1. May I ask you to say which residue of 176, 162 is under 23 Å from residue 37 (Cβ atoms), at pLDDT 90 or above and either open to solvent by 10 Å² or more (accessible area, probe 1.4 Å) or outside any helix (DSSP H, G or I) (or both)?
2. Does residue 20 meet the test of being of a type outside the set (A, V, I, L, M), part of a helix (DSSP H, G or I) and open to solvent by 30 Å² or more (accessible area, probe 1.4 Å)?
3. For the list (1) out of contact with any Phe, Trp or Tyr (no Cβ under 6 Å at 6 or more places or on another chain); (2) surrounded by fewer than 21 Cβ atoms within 10 Å (Cβ to Cβ); (3) in contact (Cβ under 8 Å) with a residue 12 or more places away in the chain, I need the number of the one condition that residue 218 fails.
4. Loosely packed, with under 14 Cβ neighbours inside 10 Å, at pLDDT 90 or above, in a helix (DSSP H, G or I) and not basic (Lys, Arg): which single residue out of 379, 395 fits that description?
5. Looking only at residues that are in a helix (DSSP H, G or I) and of a type in the set (Gly, Ala, Ser) in the stretch 317-329, which one is least open to solvent (accessible area, probe 1.4 Å)?
6. Given the options 92, 122, 117, name the one that is free of Cβ contacts under 8 Å to residues at least 24 places away in the same chain and either closer than 24 Å to residue 331 by Cβ or crowded, with 24+ Cβ neighbours inside 10 Å (or both).
7. For a quick check of your reading of the model, give me the residue pairs whose first member lies in the stretch 44-64 and is within 14 Å of residue 373 (Cα to Cα) and open to solvent by less than 30 Å² (accessible area, probe 1.4 Å), whose second is among the polar types (S, T, N, Q) and not in a helix (DSSP H, G or I), with beta-carbon atoms closer than 9 Å and at least 6 apart or on different chains.
8. Name the residue, out of 388, 346, 402, that is out of contact with any Ser or Thr (no Cβ under 9 Å at 6 or more places or on another chain) and assigned to a loop (DSSP other than H, G, I, E, B).
Amino acid sequence: MKPRSLHRLGVACGLAAGAWLGAAEAPTKLVTIGFSPFIISLGMVAGVFVARWTVPMMLKGTNFILLDLRERSHLLVWAILAGMLWAVANTLTVFAIRNVGLSIAFPLWNTNSLVGLFWGWLLFKELRGAGAEQWSKVLGGALAIVVGACLLAYATSQHSSGPPRAATLGILAALGAGLMWGTMYIPYRKAYISGMNPLSFVTVFTFGELGTVFTLALVFNGGWHGVAGDLTKARPALFWLFLGGFCWVIGDLFQQYAAKYIGIGRGIPLSNTNQLWGLAWGALVFGELAGIGATAQTLVIAGSLIMVAGAAAISFAEAPAAEKVFQQQAVERECSRYGMQAERVAAILAGNDPGSFDKPVRRWWEALVLLGAVAMFVWLGLGAERQAIAVNPLWMALLVSATLVFLVVCGRMLWRYTRFS
């Protein structure tokens, strides 16, 4: 695939990731009506676990995924480690939302873009040889996204109704989540410069996240009996948590493809436009900013525009030839370390994996897995009840429609250009 098309694809995936990751956080609002943060996180991760198995299987088939994992078995531990980091970060975000609200927590944990940019530069030679113009676009864009996010946090800080200590803990939890998520991108990039398919990576990733969240729930939520009791109490809300987990998987897959094709230094700040979507869900759907003053409204608008400008700058920061030389050195280093074919890995990174263009070989058990996943959602849906959270149905419908447009457009691009390579 042509480099410009590859960059365009990565940018589109990063923006689509922002829309879906923003939508995925909406069910965590349930923590504000008394549900345990650990149960919220466990419910979402259970939905993530189901989705991470079924979506890759239906797109590529189990044969493709198992072959990819077998060829790059050294990356299994990295995928599990990434899942563990994600699980801790996701649990911290629930605490942050409980203490300071969705609109404030989002911008604070989106500092992960700067953390990811640093690791991409240090470990994977991203932006090496890029020149002042590209550096200004990427670093300036990432900083603009963080600055815009901070303005949004400041503008909405008056709406934190909890005590000062709780607000402080919420802020620390959000910043800790940002550090965890920023570090999680190290296994991401390591996997993709080795030629691993994102669909294979997330299949293993989910074991680390589910195991970690379940362990956290057991340790901090009263053991098995405490977890079972809270799950029974949360039964009417589990469908919404599962649905949030499913949305997160879609967003994370787009984020993974963005990290693969344009790197974590560019892809992660773009996916962090989920702050704008989180603001939209918090303010428009849940009414978190109702009654704010003119000054706060101005700051919200200014912060949003700054974030959009930052995303636009990164979108135009295509890697020049000199930077690609350094990136190729990082690929060759991984190939030499693990005995992989550099030519084949380079083809995969260009979206030209020959195995992806073959018709998937289907197995009978794949239909059973799909039916099991559908049955799980149907069972949870039958027991779902409306929760005591005020929502605006019109804005909810509009935001859901917008995220579906991103899914169709960017999913079609991935299929047409790379067959989900």
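The values are calculated or read from the model by the stated rules, or taken from the named source; none is laboratory data. Please read these numbers as outputs of a predicted model, since none were measured by experiment. Cβ coordinates were reconstructed from backbone atoms using ideal geometry, including for glycine residues, and neighbour counts include every protein chain displayed. Each accessible area value is taken on the protein alone, full model and side chains, heavy atoms only, with ligands, DNA and RNA left out. Shrake-Rupley method; radii C 1.70, N 1.55, O 1.52, S 1.80 Å.
1. Answer to the check: 176.
2. So residue 20 fails the test.
3. (3)
4. Details: 395 fails: loosely packed, with under 14 Cβ neighbours inside 10 Å.
Result of the check over 379, 395: 379.
5. Here is the first cut: in the stretch 317-329, the ones in a helix (DSSP H, G or I) are 321-329.
Of the ones still in play, those that are also of a type in the set (Gly, Ala, Ser) are 321-322.
On the way: 321: 78, 322: 51 Å².
That would be 322.
6. Testing whether each residue is free of Cβ contacts under 8 Å to residues at least 24 places away in the same chain and either closer than 24 Å to residue 331 by Cβ or crowded, with 24+ Cβ neighbours inside 10 Å (or both) leaves just 122.
7. 56/197
8. Numbers: 346 fails: assigned to a loop (DSSP other than H, G, I, E, B); 402 fails: assigned to a loop (DSSP other than H, G, I, E, B).
Every option except 388 fails the conditions.
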